[in-house]
Structures are given as C-alpha cells and as structure tokens.
Amino acid sequence: MDIIKIYDNSNKLYYIGGVVRDKLLGVESFDVDITFEGNAIEHCSQFGEIIQENPDFGTVRVLVNNKEVDFASTRSEIYPQKGHLPVVSKIGCSLKEDVMRRDFTVNALAMRVSDGEIIDYVNGQEDLKNKLLRVLHNESFIDDPTRIIRGLKFRVRFDFDLEENTRKLQEKYLENINYDMSFKRVKKELMETFNLNSQRAFELFVNEGIYKLVSPIKFELPNVNIEELLRKYPVDNIWLVYVGLLPDLSNIELTKTERNIIDDARQIGELNSDFEIYKAFDGLAIESVLLYGITHNLGTAKRYLDDLRHIKISVSGENLLTLGIQPSPKYQEIFDNILKSKLQNPNMTKEDELNLVKKLF
Ligand code: CTP
C-alpha cells in the first residue's frame, strides 16, 4: 500500500508503526497507520468528510481524495490483565507515550507528515539497520505474549534476529507461561506467521519452544520440509498444515472447516493399498492429506495427490439402471469394483468399465 499524501501543517500528524518501518526497509506496507498527537477526531475532520468515528478510542475514518483513511489519536495503554487486550489509559497523550506502548523498536518509529522527519525515541533506526528486534521494556512479553509470535513473524518476513536481551526475555517467558491469555490474538498471529509458508518459521517455532504458547505438550520437528511440500501442493489454509501438527489445539478456537481438516487427518490409520488410500482421502481437503503425509506416511499422501486423485470412474447410477440393475446398496459395491480395476489400469474407458460390470454382475 502506498503512503497516503496528506497536506497538514500542524506538525503533529505522523505516520507510525509498521508503515514507517516498511518505508525505511523499502518494502510495501500492508496498511498505513496515521496518528495525531492530540485529538484526531477534532483535528482530522478538516481533511474531508467523516465516515465513522469512535470517541472511546479516539479514532476517526475520513474520506481523503476519495480514499477512506483512518486516523488515530495518540494513546497510552495499560494491561490490567496481563496477556489480555490492553485498556486505553489516555487519549491524546504525547507521541512519546504512544510510541512506548508498542512491541518492538523497529515498530515504534514515527514519520512527521508535514516534513517527512523521522522521530525515533527508541533507537529503532539503528535496530532496523542491524536487523534486530528489540522489545521496549522487560515486561513486554508478560503484557502481551502474542508479541513472541509477532517477533517470529517479523524475523522471518524481514530476515531479522532477536536482540540478545529480547531473546533472554522470550526464553524466560516460555519457561513460565501464563495461559490466561487472549488466544484469539494468538490465533491471528499464528495465521499471519505460518501463511508466509516458511520452514524457517516452523523450525524456530519448534526449536525455541514458541509452540508452548499454544499448549505445553512436548512437540518435535517432523522430518519433512513443509515449505517445499506446500509449494508443490498449494492449499488455501497454509497455516493449518503447520499448526495442525501440534498435538493439542484446544486453546485455539477453530472454525468448523478448520476443525474438520484436522480431525479428518487424525482419523486415518495405516493404508495398505491404492484402493484404501483412495477411499480414505477422496473428498478430503488437501490440507488433511498433507497433515497425514507429514505425521504418518509421506509416500502414501504423495501417491494420492500425484496419481490417484485424478482417477475418476465414468459409469454412473443411470448407466447401471440402463443395464437393468435396480438401485440398491449393490451400486456401491459395483462402483468400488470398477474403481479397484481402474486404479490398477487408469486407462480404462467407459466401455471397459461397462464390460466389467456386465462380466461381474
Ligand atoms: N502493536 C503492538 N503489539 C501488538 C500488536 C501491535 O505493539 N501485539 C503495535 C506495533 O507498533 C505495530 C502497530 O501496533 O507496528 C500496528 O500493528 P499491526 O498492524 O499488527 O502491525 P504492523 O507493524 O503494521 O505490521 P504489518 O506489516 O504486519 O501490518
């Protein structure tokens, strides 16, 4: 997303957070956060028609040159319940106070809209140059443990490392996790991290014990390069092929579809023939087949995805009726027989299939 040009001469309007980091890194931003040092609702109505405002958070959406732009008031926050969403303690605080509530120094940079000046209270530019993620204070992960997963996400996205003290704070937190946390936010960060499809992210997640944020049950890295696997077999829910490997996901609220993908994969046992493989995987999501492949037998999953899934029988119920076979559970038996032959000989034509039916039934 491009930086939005706004003509402001107050010297109190700032691009802030990820957008400044991305601009300095020369990469595209996902979103553009803009903050006003003071009351954004009062100040920013001059830029255009107000679409929506939320006085409790001091945020306002304004139509600027036909684009909807969100403006936030500077705000400070406190964490009355560690691990849960923070509560706004002051709207319209100083820019410095707003910056100090943030996760990493590289995300705590501001750029003044009027003249492009970078405001850096926390040495974020230095860390950006050295590719380091550094928390702003020692309680940061205790306040918000999702920052550990955010750290993982940024490390992988930008090829950054954790700064030494930040690494120690992460280790310390992971040795003593407070599971009374907002797992909704954990899920969001897991999705964003693992949808990047990065084997490195998964290795760090497992080797550094970050997975324990989800559940403490010991987990070891499977001997499969999941990133490569997903490049060969693309899926919609990339993150689920990683996170779905964890033995206990009860803390994470899954949608019905996500739950089914995981349960389907876990219900399948040993498969001993092409016919068994086909019957087990037919109709399942590719994510489920891959999860089975990673945890049980990769060869079996690949056999299905590369070859078997493309095989379909041509004979229909209508064809059987034409042959004078009355509808009954026998139909399934016939279809299975055709399938068994066709899995051995995928070149069978419809005529071959019909001949087989005539011969057997
Ligand atoms: N933030 C934080 N702690 C969190 C989430 C967000 O301190 N748990 C702060 C960071 O300063 C971050 C800003 O809020 O830069 C906006 O959050 P978000 O949009 O999630 O992150 P971005 O840094 O904009 O990253 P992305 O490029 O992924 O949007």
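Computing Rg and the Kirkwood Rh from the Cα coordinates of the chain gives a ratio, Rg/Rh, of 1.14. How many angstrom lie between the C-alpha centres of segment 256-333 and segment 1-77? So the two Cα centres are separated by 51 Å.
Seen against the Cα atoms of the chain and their longest principal axis, helix 164-175 is set at about 50 degrees. Residue separation of Glu126 and Lys359 scaled by 0.36 nm, minus their Cα-Cα distance, works out to 76.0 nm of gained length. Within the shell defined by Cβ-Cβ distances under 14 Å, the residues around Tyr233 carry a net charge of -1, with Lys and Arg each +1 and Asp and Glu each -1.
Can you find, among Ile177, Asn54, Ile238, the residue sitting farthest towards the positive end of the charge dipole of the chain, where Lys and Arg contribute +1 and Asp and Glu -1 at Cβ? About the Cα centre, the residue reaching furthest to the positive side is Ile238. Ranked by the mean number of other Cβ atoms within 10 Å of their residues, highest first, the peptides 15-25, 99-109, 332-342 fall in the order 99-109, 15-25, 332-342. Counting neighbouring Cβ atoms within 10 Å and putting the fewest first, the residues Leu136, Leu162 line up as Leu136, Leu162. Label point of Asn223 set 7 angstrom out along Cα-Cβ; within segment 258-299, amide nitrogens under 20 Å from it belong to 270-271, 290-299.
By other beta-carbon atoms within 10 Å, ranking Cys44, Cys93 with the fewest at the front produces Cys93, Cys44.
Computed over segment 246-309, the alpha-carbon pair-distance distribution with 10 angstrom bins reads 22, 55, 20, 4, each value a whole percent.
Count Lys and Arg as plus one, Asp and Glu as minus one, and take only other residues whose Cβ is under 11 Å from that of Arg101; the net charge is then -2. Using the Cβ-Cβ distance between Glu49 and Glu164 with R0 = 45 Å, the FRET efficiency computed as 1/(1 + (r/R0)^6) comes to roughly 0.35. If I fit a long axis through the Cα atoms of helix 350-360 and take the longest principal axis of the Cα atoms of the chain, what angle between them do I get, 0 to 90°, rounded to 10? Roughly 50 degrees, rounded to the nearest 10.
As a test of the formula, what do you get for the chain when each DSSP H run with n ≥ 4 contributes -39,500 (n - 2.57) and the sum is divided by the residue count, at 222 nm and rounded to the nearest 500 deg cm²/dmol?
-12500 deg cm²/dmol
Against the chain, whose longest principal axis comes from its Cα atoms, helix 256-267 is set at around 50 degrees. A simple charge model with +1 on the Cβ of Lys and Arg, -1 on the Cβ of Asp and Glu and nothing else charged puts the dipole of the chain at about 620 debye relative to its Cα centre.
Given the Cα-Cα distance of Asn66 and Val88 and 0.36 nm per residue of separation, how much length would full extension add, in nm? Could you put the intermediate results ahead of the total?
Details: separation 22, 0.36 × 22 = 7.92 nm, distance 3.05 nm.
Once the chain is fully extended between Asn66 and Val88, it gains 4.9 nm.
Positive contributions from Lys and Arg (+1) and negative ones from Asp and Glu (-1), summed over other residues with Cβ under 12 Å from the Cβ of Ile149, come out at +3.
No value in this document is a laboratory result; all are computed from the given coordinates. Since this is a predicted model, take the numbers as computed values, not measurements. With ideal geometry, Cβ positions are generated from the backbone for all residues, glycine too; neighbour counts draw on all protein chains shown.
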